[in-house]
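Visitor: What follows is a single structure, and I will ask about it in a moment.
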Amino acid sequence: MGTSVQVTPLSGVYNENPLSYLVSIDGFNILIDCGWNDAFDTSLLKPLSSVASTVDAVLLSHSDTLHLGALPYAKQHLGLTAQVYSTDPVHRLGLLTMYDHYYSQKQVSDFDLFSLDDIDFAFQSIETLKYSQNHHLTGKGEGIVIAPHVAGHLLGGTVWKITKDGEDIIYAVDFNHRKESHLNGTVLETFVRPAVLITDAYNALNNQIARTKIEQGFLGKIKNTLEGGGNILLPVDTAGRVLELLLVMEQYWAQNHLPYPIYFLTYVSSSTIEYAKSFLEWMSDTIAKSFEDTRDNAFLLKHVTLMINKSELDKVPEGPKIVLASMASLEVGSSHDIFAEWATDVKNLVLFTERGQFGTLARMLQADPPPRAVKVTMRNRVPLVGEELVAFEEEQNRIKEEALKACAIKEEDIKASNGSDVKEDDPMVIDASNAPASSEVTVPHGGAHRDIFIDGFVPSSTSVAPMFPFYENSSEWDDFGEIINPDDYVIKEEDMDLMSMHVGGDLDGKLDEVAANLILDSRPSKIVSNELTVQVKCSLVYMDFEGRSDGRSIKSILSHVAPLKLVLVHGSAEATEHLKQHCLKNVCPHVYTPQVGETIDVTSDLCAYKVQLSEKLMSKVLFKKLGDHEVAWIDSGVEKTETEMLSLRPISTAPPPHKSVFVGDLKLADFKQFLSSKGVQVEFSGGALRCGEYVTLRKVGDATQKGGTGGTQQVIIEGPLTEEYYQIRDYLYSQFYLL
């Protein structure tokens, strides 16, 4: 039987809700992505809450909230304890994303779904992997291998490959085949005939124009608005697609020497750019090669000013400017306030580069035609003053007094319990009630303890020796040691936050010093809100900079990958059904579109069996090293052992002859270098390899054929039968193992 595989969507099917899917492989539960929306709607997490405690491992694919936003909440409140895996950029940039969302929410509400401690706790235990690194799970997951591969879309974005018993399960959502300024395209096309492919239909109905035309239109619109005296707002994410936008504008500003300022405004803007500088090896080949050749870091931004507070923006001189501010949804963050201020000016432009989440202000403004007026709730956190401040301080004092009283009562109870344990016949204890009075004895009044000071020796009426009172700290113990009271180790949240901050935008992913001072203001405050009706007179433009493959490309890639079974998730109902019908006709006959909470069985139909190689057979087999593997040809029979295990045994008769088999994968480029090292003149010509004067090598056939059946690639050697021909043929044979 094949490996047992079940898929259960927890969120993000037949709609554009956050992504979260449970994949069970032979009983080992893997949660792939743990997303939440920008509104942090807890109702979306009900399916996750019912299975969180059963999850054995978590895989994160991208660093935005749609893919990892619920991780801190799930770790703290839903019982999620499994080990989490991601690439380093997803880990670090995801941490910054959650910081930015927390502070944006905290500035306009009494947000308490998760805290900074919850974020740190969730991310500190993530195990990071490099691209193409095979990680072998242990324990219950023995035999399962996970490996991240390039997805495009976001820095560190991952296509997950999960392998067990030779069968591959590929999870590929939000991938991009196009090479961009700072990212390479996905490697999804390199996977052929996986047992299961889980992918999304988000862009199935969208077809994009050429990348160069998109950039020209984008930069042209920006330049025209600035030259017309207008301001431009780009609502962006914290540390994802904004990196591509910054790089595109930085290069354009440098080439055209534009005088207009660019501002990048988030609570973690400095840390985001510092991380980008340190993640060059995760970026495009162009950026990596440029750094190797010239030591020029693409993210040493000379035309972009970093800001962490809107008050800094308010202080800049009047004039045309462009601001990239979080959040992309326009629900909270600096982008929300800037929109309310700039929307009433016809010269200004709000430029959307990604589709807003459903139900957000951004999505509403992207409607066709856009609304002429919108209601916006302006919220602000202001310090308490006057009677409100006095009332707050009185309440805090009352709480402190109650806490002190409770602590005093607790101490008295401890003393009482200690006193009851004293034995009367203990020779080291003095009965204070029977001790003679003495003017030399001073007993202070009002203290919690009575200390006895004796000048010299005063004999007592009993035989006990005088000593200072001793109160033993009686602690409770269990099998694991002393039982502690967690309340004794609790530190105030603001103190903990301050301790955890690393200033200066360092690589620990913490806030800048100014941001820390801004947010960690411990003065009593309250939220003040008022609702405004904003007349939308500015220009509203949407240009696709999402960095996702379009519908045409998705269909082409799926046809090339040709999975045995296909699971479609995350996309509107219309897009999901459209892609499903296409795939049923052109990709594979097994296409699944499950609902939230519906478990589908995608176990492979292939019959795979585990067999033992008997010692007799092994003693007669000759293995040959081939790369990281050893291969051999065997002729054997099959029998069952006493434990019902299948075993291969030698056959008693002479094995039948078989055709010679060449094992290996010849790459003409590598073979060219090999021949050059042997002194053979070699060059590529018309897709073939010209060797010497008369010999030609070419590969014909496809690695895969239509319908997904395995194809055969042939290497053809042509030329007159000369000494040179036979020598090159011998070199060619040496690249294979002949069975």
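Visitor: Restricting attention to segment 533-569, which residues are under 24 Å from L351 (Cβ atoms) and β-branched (V, I, T)?
Guide: If the condition is that a residue be under 24 Å from L351 (Cβ atoms) and β-branched (V, I, T), then T533, V534, V536, V541 are the ones that fit.
Residue by residue, here is whether (1) under 28 Å from R363 (Cα atoms); (2) polar (S, T, N, Q); (3) under 21 Å from the mean Cα position of the chain (by Cα) holds:
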position	(1), (2), (3)
V242	yes, no, yes
T286	no, yes, no
P320	yes, no, no
G333	yes, no, no
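Visitor: Any chance you could count how many residues in segment 196-209 are over 25 Å from P89 (Cβ atoms) and either open to solvent by 50 Å² or more (accessible area, probe 1.4 Å) or assigned to a loop (DSSP other than H, G, I, E, B) (or both)?
Guide: 6
Visitor: Which condition number in (1) touching a residue at least 60 places away in the same chain (Cβ under 8 Å); (2) not in a helix (DSSP H, G or I) is the one that Y99 fails?
Guide: The single condition Y99 does not satisfy is (2).
Visitor: Among the residues of segment 581-608, how many are without any contact (Cβ under 8 Å) to a residue 60 or more places away in the chain and among the aromatic types (F, W, Y)?
Guide: Here the count works out to 0.
Visitor: Same structure again: Quickly run through segment 175-227 and pick out the residues that are closer than 19 Å to G156 by Cα and acidic (D, E).
Guide: Correct list: E180, E189, D200.
Visitor: For the list (1) open to solvent by less than 10 Å² (accessible area, probe 1.4 Å); (2) in contact (Cβ under 8 Å) with a residue 24 or more places away in the chain, I need the number of the one condition that R193 fails.
Guide: The number of the failed condition is (1).
Visitor: Which condition number does K347 fail, the rest of (1) of a type in the set (D, E, K, R); (2) assigned to a loop (DSSP other than H, G, I, E, B); (3) free of Cβ contacts under 8 Å to residues at least 12 places away in the same chain; (4) within 30 Å of A254 (Cβ to Cβ) being met?
Guide: Failing condition for K347: (3).
Visitor: Continuing with the same structure: Do we have E577 as acidic (D, E) and part of a loop (DSSP other than H, G, I, E, B) here?
Guide: no
Visitor: Can you say whether V534 is over 23 Å from L219 (Cβ atoms), open to solvent by less than 20 Å² (accessible area, probe 1.4 Å) and in a strand (DSSP E or B), as far as the supplied structure shows?
Guide: Yes.
Visitor: Being under 30 Å from D64 (Cα atoms), open to solvent by less than 30 Å² (accessible area, probe 1.4 Å), among the hydrophobic types (A, V, I, L, M, F, W, C) and assigned to a loop (DSSP other than H, G, I, E, B) is the requirement here; does V332 meet it?
Guide: Criteria met by V332.
Visitor: Turning to a different aspect of this structure: Are there any strands (runs of 3 or more DSSP E) wholly within segment 1-88 with 1 or more residues that are of a type outside the set (G, A, S) and either within 17 Å of the chain's Cα centre (by Cα) or on the phi > 0 side of the Ramachandran plot (or both), and if so which?
Guide: 20-25, 28-32, 57-59, 83-87
Visitor: When residues of segment 107-154 are filtered for being assigned to a helix (DSSP H, G or I) and in contact with a strand residue (DSSP E or B) (Cβ under 7 Å, 6 or more places away or on another chain), how many remain?
Guide: 2
Visitor: Would you check if N397 is at pLDDT below 95 and polar (S, T, N, Q)?
Guide: yes
Visitor: Tell me the residue from L568, L584 that is among the hydrophobic types (A, V, I, L, M, F, W, C) and within 17 Å of Y14 (Cα to Cα), please.
Guide: L568
Visitor: Next up: With the checklist (1) modelled with pLDDT of 95 or more; (2) open to solvent by less than 60 Å² (accessible area, probe 1.4 Å) in hand, flag the one item E577 doesn't pass.
Guide: (2)
Visitor: Could you check N37 against (1) more than 19 Å from R548 (Cβ to Cβ); (2) out of contact with any helix residue (DSSP H, G or I) (no Cβ under 6 Å at 6 or more places or on another chain); (3) crowded, with 20+ Cβ neighbours inside 10 Å and say which number it fails?
Guide: Condition not satisfied by N37: (1).
Visitor: Also: Could you go through segment 99-121 and let me know if any residue there is at pLDDT 95 or above, open to solvent by less than 20 Å² (accessible area, probe 1.4 Å) and under 19 Å from F279 (Cα atoms).
Guide: No.
The values are calculated or read from the model by the stated rules, or taken from the named source; none is laboratory data. For clarity, every value in this text was computed on a predicted model and none was experimentally measured. Positions of Cβ are backbone-derived with ideal geometry, glycine not excepted, and every protein chain shown enters the neighbour counts. Calculation scope for accessible area: heavy atoms of the full protein, side chains included, ligands and nucleic acids excluded. Shrake-Rupley method; radii C 1.70, N 1.55, O 1.52, S 1.80 Å.
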